[in-house]
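Structure, as structure tokens:
The values are calculated or read from the model by the stated rules, or taken from the named source; none is laboratory data. Every value quoted in this text rests on a predicted model; they were computed, and no experiment measured them. So basically every Cβ, Gly included, is an ideal-geometry build from the backbone, and we count neighbours across all protein chains shown. When the accessible area is computed, the model is the full protein with side chains, heavy atoms only, and any ligands, DNA or RNA have been set aside. Shrake-Rupley method; radii C 1.70, N 1.55, O 1.52, S 1.80 Å.
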Amino acid sequence: MLETLLFLLVVLPILGGAACLVVPSRYLRGAVIVGTCALTAAASLSLLGYGPFSGTPETVFLIPVRGLITLLDFVLLGVILFYAFSLKNRLIQLLFGFQIVALAFFEMFMAKHTAAPTFFADTLSIVMVLVISIVGSLICIYGIPYMQAHEEHLHLAKTRQPRFFLFLVGFLGAMNGLVLADDITFVYFFFEITTFCSFMLIGHDQTEIAIKNATRALLLNGVGGVAFLLGMIWANSVTGSLSIQEIIAAGPAAKGLLFAVALICLAGFTKAAQLPFQSWLLGAMVAPTPVSALLHSSTMVKAGVFLVLRFSPAFAGTFLGTAIAVCGAFTFVATAALAVSQSNAKKILAYSTISNLGLMIACAGLGTPQAITAGVLLLVFHAVSKGLLFCCVGHIEQHIHSRDIEDMRGLSVTMPRAALITIIGLVTMMMPPFGVLLSKWMAIEAAADNLFVIVMLAVGSALTVLIYARWGGNMMSAPYKAQPQKAPMPLLVGLPLMAMAGGAVLLSLAAPVLYTRLVLPLVKSAPYDVAAGTLTNPVGSFLVYPLFILLGFGFFMALRAVLKSKATVLPPYFGGANLPDSTGFKGPLGAPVPYQGGNYYLTGVFGEDKLTMWINVGAGMLLAMMMGGAL
Amino acid sequence: MLKNMIQTSRLKSPWIIHFDCGSCNGCDIEVLACLTPLYDVERFGVVNVGNPKHADVLLVTGTVNHRNKHVLKNIYDQMPNPKLVIAIGACGLSGGVFREAPNVVGGVDKVIPVDVYVPGCPAKPEAIIDAVVAGLGKLAELQKQAAI
Amino acid sequence: MTAIILGIIGILLAPVLGGLIAGLDRKVTARMQSRFGPPILQPFYDVFKLFGKEPAIVNVWQVFCAYVYVASAAISVGLLFAGGDLLLLFFVQAVGAVFLVFGALAAPSPYSQVGAHRELLQILAYEPLIILVFVGFYLATGSFKVADILAHNQPLLLQMPLLFLVLGYALTIKLRKSPFDLSTSHHGHQELVKGVLIEYSGPYLALVEVAHWYETVLVLGLCALFWHTSIFGMAILLAVTYFAEVLLDNVTARMTWRWMLGYVWGIGLAMSAVNLVWISFKGA
């Protein structure tokens, strides 16, 4: 049973991806993708029923697993090195060349093995598997019509979709492997696959900018890979074990282990694009939107958070923990500030993703049961809402040929369904009673004892509201007396979007269940009591069900008022000098001045050019503090 | 009961908007004088809102001409019902001394229906306040007939 | 159960209180300008009149937004009276604040747009401060819950005087008083012709006004927590605070958003930090 599940979760998506390469027709390819995704998602659900486990699958297709992974690891590094040479980037050659040499040296002379199981899943892994397999699958399915339209738009002579879906679907398997493996060399292997998938997918469109940004992603993730490898070797030499569980069990008490953990967290930071490594994720937005949704917001970047969360018991109560919390909180506030000056929707989402990842990492750094709960819940809720928002932006972009939020004015009329779903996505990102805010509430209450962190969280959460509120308002706005139109929405776009929007709402409603079933087993002591759908502890209380009922009632009454409204539609006020059709006003000499809206972007205060350098300097110093503190 | 309260409140909260159709500013100054501490019309709940969508009473001063009649009409149309219009000063009533000019339409009532006329050149603040009160009386009369 | 009843009482009572406070405010303001001023019940007349006006909108979202605004403001006051979690009730209040902005942004009207953006900047200015005030409550009493704060045995003003001033900034912004009445103000004439509220009219404006009364009660309730040990002290504190707000409104000019953000964040965050450090070290 266990081996079958592991096979379905890890190997099947990779095989499915490979099958995309060979099947001849696009309909068959679509079927393969949908089938693989459905099977993976079903397997993740049955894993939920199966519960936590640990085990050592010996063989896959009669090949010993360990040998296979070691072999593939060198093959993968070799392939990346090949790309590094074809890109003629000396730094990447150096980083990956070093990794091959160091890994070979490690495997041959240094690695100490114990009999610990190679795969291990607690509820944290299961949560990750669910997110990857369900949200990930929805995004892959969304990708089928998206890529068709994308290629039609680019007028490609020969379709590049097989290659695209190889990496997109195969990535699901690698990611599942990353979160389920307990042997740190396995984790390293899957970590490198995700780097490689990301590199290939960012560069998918083969434009100059795409290749440049893919190179940057490979470079920065290569730094992460080196940090991971060094941390791994160091941890192995200190504890004599390759099992993450055993390394964590050695805890902060083991001499010198803390620095190894800090290196692995550094790798997590690069993967999660934390400051000052944020540039690769911003560049990654050139990739087709399913890639941004899947790799660069919902799942892959969460691998970084997962690593830090996974190792959090190993640094709990140390200075390293506090330093990680401060770094995360700084990323949270600084990237939220940078997002204020942006009008490019994907860039806003990218910054906001980094910001939320920072909050999760801050929670992991704080390490209290309450903070860990906040981190894990945020991880889930953020994945659903942000995946949804990215997919919405992608869909909208294919219709209006712009990803600028200024151009999204009037969408509630021109694309009513897409606009409504986007607004739901935005609301679930920033308002109670929805999950993201629930986790943010937990995070703030958990951080209240750490003054540095709490001040940054307070400012950051206000900035977040600003970013999303004006976007939502833009979506709602409409020209005077515009008649609603019907915009086409293919079934395979509509279904994933609605599933994610519904999921974001329903999962928030299920937050108390999620907490008791999946988060509680992870923490030493229960941070909250659950009664009547309310999370309570001596410090605070969050009324999940009551608020759902009350605010739900409010929303329902509002909706009823809208439906029953007999309000006259008046033209907007233009000082009385309206044009006859009220689309603008009469200017000097009666010249018509059409109405134009424009958001405040406060570039004078929050501009990227004004802030980025100082923020990077600050983040670099904090990072130095973190690494130095771990020595 | 709610209806009763609304009807009472209507008479106690006339928010005004003042539109100057090209007056010589004489009447405008008198309108503003009503808001000063000396006359203090806020005693009666009068607020000068400067936005037709929030206003109940439109005070118009000055001569209506072919250029500004569109603006006058637009502002009147943007006021939700029930609403009152008060024409102030000789010009507002009939065009005043400018009534024969080629570009002049005439009084305010050539463009929109007027409820109360305040004569004078300029009209006195007391007369303007009295006009608002008279307008409210008209509103009360309409309410009695259950027209609104 | 008592909590639920208290919450319901709060929801029913708050609009009455809020309206009376607004009436008193107008009266005091008038006296400061050596006028007689409207009757105390004037705000109620205004709101009832507005309910009786013809409903008129520019964009149908405005209806939705006005209702959500009033609903969330009422729920947040209910949570305050029920002794709920401060952060939670503040976030619930923020739902309404954001929906007010949504509605204003939905209308294709220049004044409304500029007003909405200024309103967002006002939210941006006060939100961190209020969260830090709550953190101060937590550090001083060990809980974010109003019920537990009320059980604390000494007036918090003594421990958190700077945070009280910080809350004062938030209060001034939230009450739409000068120098922070950028997005809209209670005075008849202003540069944006009612800014964020311009396209809400008739019954929808009435809903927005009622929601504003709820918010007034909410922020004044937060102020009252600083001297919760005696009803008398609470009353004095509120009276003095509100009088100061009215005075400030009458003696200051409206400033720009840039000034507001710099000033409120600069001084507000600094004062909060100082006060928080001092509570946490004294407590430890």
## Note on the structure
When every residue in the stretch A:427-475 that is within 7 Å of another protein chain (Cβ to nearest Cβ) and of a type in the set (V, I, T) is compared, the one nearest to C:R118 (Cα to Cα) is A:V465
### Task
May I ask you to list pairs of residues, at least six apart or on different chains, whose Cβ atoms are under 7 Å apart, with the first in the stretch C:14-40 being within 19 Å of C:N250 (Cα to Cα) and the second being open to solvent by 20 Å² or more (accessible area, probe 1.4 Å) and not in a helix (DSSP H, G or I)?
C:G23/C:I40; C:G23/C:L41; C:L24/C:I40; C:K27/C:I40; C:A30/C:F36; C:Q33/B:P37; C:S34/B:P37; C:R35/B:P37
### Summary
Subset of the stretch A:394-420, residues surrounded by fewer than 24 Cβ atoms within 10 Å (Cβ to Cβ) and closer than 26 Å to A:V129 by Cβ, comes to none
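Taking the stretch A:493-520, which residues are of a type in the set (S, T, Y) and either within 14 Å of A:I424 (Cβ to Cβ) or free of Cβ contacts under 8 Å to residues at least 24 places away in the same chain (or both)? Please lay out each step first, then the result.
So the first thing to find is which residues in the stretch A:493-520 are of a type in the set (S, T, Y), and the list is A:508, A:515-516.
If the condition is that a residue be of a type in the set (S, T, Y) and either within 14 Å of A:I424 (Cβ to Cβ) or free of Cβ contacts under 8 Å to residues at least 24 places away in the same chain (or both), then A:S508, A:T516 are the ones that fit.
Assess whether C:I21 counts as being closer than 30 Å to A:A532 by Cα, assigned to a helix (DSSP H, G or I) and either more than 14 Å from chain B (Cβ to nearest Cβ) or in contact with a strand residue (DSSP E or B) (Cβ under 7 Å, 6 or more places away or on another chain) (or both). Don't jump to the end; show me each part of the working.
Numbers: closer than 30 Å to A:A532 by Cα: no; assigned to a helix (DSSP H, G or I): yes; either more than 14 Å from chain B (Cβ to nearest Cβ) or in contact with a strand residue (DSSP E or B) (Cβ under 7 Å, 6 or more places away or on another chain) (or both): yes.
Considered against the rule, which asks whether it is closer than 30 Å to A:A532 by Cα, assigned to a helix (DSSP H, G or I) and either more than 14 Å from chain B (Cβ to nearest Cβ) or in contact with a strand residue (DSSP E or B) (Cβ under 7 Å, 6 or more places away or on another chain) (or both), C:I21 comes out as no.
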### Query
Looking only at the stretch B:31-62, which residues are open to solvent by less than 10 Å² (accessible area, probe 1.4 Å), part of a loop (DSSP other than H, G, I, E, B), in contact with a Lys or Arg (Cβ under 8 Å, 6 or more places away or on another chain) and touching a residue at least 12 places away in the same chain (Cβ under 8 Å)?
B:G45, B:V49, B:N51, B:A55
### Summary
C:A244 fails exactly one of (1) touching a residue at least 60 places away in the same chain (Cβ under 8 Å); (2) open to solvent by 70 Å² or more (accessible area, probe 1.4 Å), namely (2)
### Query
Has the stretch A:294-307 got any residue that is touching an Asp or Glu at 6+ places or on another chain (Cβ under 8 Å) and either touching a residue at least 40 places away in the same chain (Cβ under 8 Å) or surrounded by 24 or more Cβ atoms within 10 Å (Cβ to Cβ) (or both)?
no
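Mind telling me which of the residues A:V291, A:V238 ends up being farther than 20 Å from A:M360 by Cβ and open to solvent by 10 Å² or more (accessible area, probe 1.4 Å)?
A:V238
Okay, residues lined up against (1) in a helix (DSSP H, G or I); (2) hydrophobic (A, V, I, L, M, F, W, C); (3) within 8 Å of another protein chain (Cβ to nearest Cβ):
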{"position": "C:I40", "(1), (2), (3)": "no, yes, no"}
{"position": "C:F48", "(1), (2), (3)": "yes, yes, yes"}
{"position": "C:A71", "(1), (2), (3)": "yes, yes, yes"}
{"position": "C:S76", "(1), (2), (3)": "yes, no, no"}
### Query
Taking interchain pairs and intrachain pairs at least six residues apart, which have beta carbon atoms under 6 angstrom, with the first residue in the stretch C:90-112 and facing chain A (nearest Cβ under 7 Å) and without any contact (Cβ under 8 Å) to a residue 24 or more places away in the chain and the second of a type outside the set (V, I, T) and not in a helix (DSSP H, G or I)?
C:F91/A:P432; C:V92/A:P432; C:L105/A:S477
#### Entry: Lone qualifier among B:I128, B:I112, B:I88 - being under 30 Å from A:T568 (Cβ atoms), in contact with a Phe, Trp or Tyr (Cβ under 8 Å, 6 or more places away or on another chain) and at pLDDT 90 or above
B:I112
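Here is a yes/no grid of residues against (1) open to solvent by less than 10 Å² (accessible area, probe 1.4 Å); (2) farther than 19 Å from A:L457 by Cβ; (3) among the aliphatic types (A, V, I, L, M); (4) not in a helix (DSSP H, G or I):
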| residue | (1), (2), (3), (4) |
| --- | --- |
| C:A94 | no, no, yes, no |
| C:F102 | yes, yes, no, no |
| C:H117 | yes, yes, no, no |
| C:Q122 | yes, yes, no, no |
| C:A125 | yes, no, yes, no |
| C:L129 | yes, no, yes, no |
| C:G136 | yes, no, no, no |
### Query
Filter the stretch A:151-168 for residues that are among the basic types (K, R) and in a loop (DSSP other than H, G, I, E, B); which is least open to solvent (accessible area, probe 1.4 Å)?
A:R160
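With respect to A:P527, is the statement that it is farther than 19 Å from A:V131 by Cβ and at pLDDT below 90 true? Explain how you work it out, then say what you get.
Details: farther than 19 Å from A:V131 by Cβ: yes; at pLDDT below 90: yes.
Yes: the conditions hold for A:P527.
So which residues in the stretch A:308-364 are aromatic (F, W, Y) and open to solvent by less than 10 Å² (accessible area, probe 1.4 Å)?
Keep residues of the stretch A:308-364 that are aromatic (F, W, Y), which gives A:311, A:315, A:319, A:330, A:332, A:351.
Passing the criteria: A:F311, A:F315, A:F332, A:Y351.
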### Query
Which residues, counting only those in the stretch C:250-264, are open to solvent by 40 Å² or more (accessible area, probe 1.4 Å) and part of a helix (DSSP H, G or I)?
C:N250, C:V251, C:W257, C:R258, C:W259, C:G262, C:Y263
### Task
Report the residue count in the stretch A:186-221 for those that are under 26 Å from A:I69 (Cβ atoms) and outside any helix (DSSP H, G or I).
1
### Summary
Scanning the stretch B:1-17 for residues that are farther than 11 Å from B:V47 by Cα and more than 9 Å from chain C (Cβ to nearest Cβ), the one farthest from the chain's Cα centre (by Cα) turns out to be B:M1
### Task
Name, by its number, the condition in (1) under 30 Å from B:H18 (Cα atoms); (2) facing another protein chain (nearest Cβ under 7 Å); (3) within 36 Å of the chain's Cα centre (by Cα) that does not hold for A:Q596.
(2)
## Note on the structure
Here the residues within the stretch A:549-590 that are under 15 Å from B:N68 (Cα atoms) and either hydroxyl-bearing (S, T, Y) or more than 7 Å from every other protein chain (Cβ to nearest Cβ) (or both) are A:F574, A:G575, A:L579, A:P580, A:F585, A:K586, A:G587, A:P588, A:L589, A:G590
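Look through B:K110, B:K69 and report the one residue that is farther than 30 Å from C:S112 by Cα and over 12 Å from the mean Cα position of the chain (by Cα).
Details: B:K69 fails: farther than 30 Å from C:S112 by Cα.
B:K110 is the lone residue from the list that is farther than 30 Å from C:S112 by Cα and over 12 Å from the mean Cα position of the chain (by Cα).
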### Query
Quick check: anything in the stretch B:107-116 surrounded by fewer than 21 Cβ atoms within 10 Å (Cβ to Cβ) and either within 14 Å of chain A (Cβ to nearest Cβ) or in contact (Cβ under 8 Å) with a residue 60 or more places away in the chain (or both)?
yes
### Query
Taking only pairs six or more apart or across chains, which ones have beta-carbon atoms under 6 Å, a first residue in the stretch C:201-218 that is open to solvent by 10 Å² or more (accessible area, probe 1.4 Å), and a second residue that is assigned to a helix (DSSP H, G or I) and aromatic (F, W, Y)?
C:P203/C:F51
#### Entry: Residues located in the stretch C:50-64, provided they are within 8 Å of chain A (Cβ to nearest Cβ) and either assigned to a helix (DSSP H, G or I) or within 17 Å of the chain's Cα centre (by Cα) (or both)
C:W61, C:V63, C:F64
### Summary
Reported set for the stretch A:20-54 where residues are among the small types (G, A, S) and either surrounded by 15 or more Cβ atoms within 10 Å (Cβ to Cβ) or part of a loop (DSSP other than H, G, I, E, B) (or both) is A:S25, A:G30, A:A41, A:A43, A:S44, A:G51, A:S54
